[in-house]
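> To start, I am sharing the structure in question, which I have written as C-alpha cells.
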Amino acid sequence: MKTTFCLAVCVASAAAFVPATKPSFGTKLAAKQNFLEAEPYFDQSTVPVNVYKNKAPFTGKVVSSKRIVGPKATGETCHIIIDHNGDFPFWEGQSWGVIPPGTREKDGKPHSVRLYSIASTRYGDDMTGKTGSLCVRRATYWCPDLKADDPAKKGICSNFLCDTKPGDEVNMTGPAGKVMLLPEEEPDTDYIMVATGTGIAPYRGFVRRLFTEETPAGEAYKGQAWLFLGVANSDALLYDDEWQTVLKEYPENFRLDYALSREQENKNGGKMYIQDKVEEYADEIFAKLDSGAHIYFCGLKGMMPGIQDMLKSVCEEKKVDYDEWLKGLKSKKQWHVEVY
C-alpha cells in the first residue's frame, strides 16, 4: 500500500447532500452490491449502450430534486434522483439522454436530446439498482440590459430538470458512451479524475463503486483514485461531505484536490484554475501515467485548451514530445475525455 500526501479542503459552508436513503459513506456497506455485475465483474462486453432511442424513449419518474450548493455559489446545481424500476441498466461513466417536454419555438419540433453524465453507480443512491442520479446546473443567461436573467435564453433541459418534483416524468435515452468506463481488470490501476463543475458526476459513481459500496470492484481495488475538482468558490463545491468521509476512511487510496478560482491563487499570483492545480503535481502525475495510470477529464469543453497547454508546457520542460506522449496514452487507452 502506497503512502501518499492528501490535500483536502473541508468547507462547512457548502450545502450538505443527503441522498434518499443515506448510506454510511466511506465505510463499506454491510449488504453486498453484486447483483448487477458482469461475469467476471470487469468484463465490458455486455455494457448496455443505446437501449432506448429518441423515437422510443424510456420514461422515468423523479424521486427527488435537491439543490446541493451553498448560497454564495455562482449558480444553482441540483442532484436529481430518477426511478427507472430496474429497467434502464447502466454502468459507471455512462450518460443518460434527457428529452425535455414541449417543442422548439422555431419549428414546432420536439426538443433534441441533452446528455448528462450519470452521478451514481449502477446501484443508485438507494442501492436497489432501480434508480440513477444526475448532477445538473441550471443554465441561465444574465442580460446586462435587463440587469436580470433573461428567461428567453435559459437552458431548456437544465431548468426543466432542476424544477422537477417527486413523481414528475422524464423521457430518457441511452445509456450512452464507453469512453469514461473504469478499466477494472487490473485492481492496482491508479485513476486521475479531473473535473470542472458538474463534470464531477461520473467520478461520484467511480468513488462510490470503489470505496462506498460493497462491490466486487471495491473489494479488489488496491490502487489510488485521485480527484481534482475546479469550481468558483467553496459554496460551489459538489459532494464535499462524501469526499471527506472517503478520504478519512481510505487516506492511502483516495486523494483530493480543489481548485477554487475565486479563493485561491496559482503560482503566478493569478486565479487558481483546474490546470494550475494539476500542474502543481505534474511530476507525480506524469510518473503515474508512465506507470499505467488512467486520466479522465469531464466538464465544460472550455477546460481542455488550458489543460492541454499546461501539459504541453510540462512536456517541453521534461524534453518530451507532447504529441508522441499523448498519442501513446491514447493508444494504451489511458486518456479519457468527455466534455460538453
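> What number of residues in region 286-310 are aliphatic (A, V, I, L, M) and without any contact (Cβ under 8 Å) to a residue 24 or more places away in the chain?
Residues that pass the stated criteria total 1.
One line per residue, one yes/no per condition, for (1) outside any helix (DSSP H, G or I); (2) outside the structural domain of residue 83 (by TED's automatic domain parsing):
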position: 157; (1), (2): no, no
position: 181; (1), (2): yes, yes
position: 201; (1), (2): no, yes
position: 217; (1), (2): no, yes
position: 222; (1), (2): yes, yes
position: 228; (1), (2): yes, yes
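> Would you please name the residue that is modelled with the lowest pLDDT, looking only at residues in region 301-325 that are within 25 Å of residue 183 (Cβ to Cβ) and not in a helix (DSSP H, G or I)?
301
> Exactly one condition in (1) of a type outside the set (S, T, N, Q); (2) assigned to a loop (DSSP other than H, G, I, E, B); (3) closer than 21 Å to residue 95 by Cβ is false for residue 206; which is it?
(2)
For every residue, the table says whether it meets (1) within 17 Å of the chain's Cα centre (by Cα); (2) under 30 Å from residue 225 (Cα atoms); (3) at pLDDT 95 or above.
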| position | (1), (2), (3) |
| --- | --- |
| 113 | no, no, yes |
| 141 | no, no, no |
| 148 | no, no, no |
| 165 | no, no, yes |
| 175 | yes, yes, yes |
| 187 | no, yes, yes |
| 198 | yes, yes, yes |
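The values are calculated or read from the model by the stated rules, or taken from the named source; none is laboratory data. Only a predicted model underlies this, so the values are computations on that prediction, with no experimental measurement involved. Using ideal geometry, Cβ is built from the backbone for each residue, glycine included, and neighbour counts are taken over all protein chains shown.
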